[in-house]
């Protein structure tokens, strides 16, 4: 978690006392910066970074927290007492497994070859980080499907149009229809039909088709009001699967 995100994790951070802010900043440095200890100067940097008004000195506040056994003196600075750290963990922390998966998903951004897709993926991660799992699912599907359509346009358009006549002959009874631009996909075909044509002509293999077919069903469930629950585990797997096994594989 970056320091700016801490303000969102702790919505009333600006209204808390200096004592509480010191403990929360100390917790952030322990957990998210991997610092074993921190100093008054470290706390001051957090205040500056978030544009909070500082006291004239932090020494008095830190001394009081030490007297109350909420901070412990240590080589090179101070550290939170274990019970205090556990309290803040429960209030504002993120489970370790979610931290690891979030790091994985963040790292995936650098592996997306197209810069526009990479920027869009970053927006999907914003949804993900703020608990908007349906939004993250929908946006990640858009990236994967857009990537497939771009690939067809740039490398396999003639093959796609020829196979369309075979896979869905009824759509061409009045006139032969063809895809010429990216927007034509949305105007002429349903997403499932695009997947089937791509599978039939060999643009995507069976494995990628199966992944995208299942992902489309999940996207449809996420896009409409219903009682379907999309939890953290499902969202993690969905994003990772589409980026690693679709976007990175279709080249």
Mind checking which residues of the stretch 172-187 are part of a helix (DSSP H, G or I) and in contact (Cβ under 8 Å) with a residue 12 or more places away in the chain? 182, 185
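Among the listed residues 239, 204, which satisfies the condition of being in contact (Cβ under 8 Å) with a residue 24 or more places away in the chain and in a loop (DSSP other than H, G, I, E, B)?
Exactly one of 239, 204 is in contact (Cβ under 8 Å) with a residue 24 or more places away in the chain and in a loop (DSSP other than H, G, I, E, B), namely 204.
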Of 146, 154, which residue is without any contact (Cβ under 8 Å) to a residue 40 or more places away in the chain, more than 11 Å from the chain's Cα centre (by Cα), loosely packed, with under 13 Cβ neighbours inside 10 Å and assigned to a helix (DSSP H, G or I)? 154
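Residues checked against (1) exposed (fewer than 15 other Cβ atoms within 10 Å of the Cβ); (2) touching a strand residue (DSSP E or B) at 6+ places or on another chain (Cβ under 9 Å):
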| site | (1), (2) |
| --- | --- |
| 12 | yes, no |
| 35 | no, yes |
| 38 | no, yes |
| 61 | no, no |
Give the stretch 116-133 a look and list any residue that's under 14 Å from residue 223 (Cβ atoms) and surrounded by fewer than 20 Cβ atoms within 10 Å (Cβ to Cβ), or say none. 127, 132
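Would you be able to tell me the number of residues in the stretch 212-235 that are assigned to a helix (DSSP H, G or I) and closer than 15 Å to residue 138 by Cα?
14
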Restricted to the stretch 90-101 and to residues being assigned to a helix (DSSP H, G or I) and surrounded by 16 or more Cβ atoms within 10 Å (Cβ to Cβ), the residue modelled with the highest pLDDT is 92
Collect the residues in the stretch 26-52 that are part of a loop (DSSP other than H, G, I, E, B) and touching a residue at least 12 places away in the same chain (Cβ under 8 Å), keeping them in residue-number order. 36, 37, 39, 50, 52
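The values are calculated or read from the model by the stated rules, or taken from the named source; none is laboratory data. All values derive from a computational prediction rather than experimental measurement. A quick note on method: Cβ atoms are made from the backbone with ideal geometry, for glycine too, and the neighbour counts reach across all protein chains shown.
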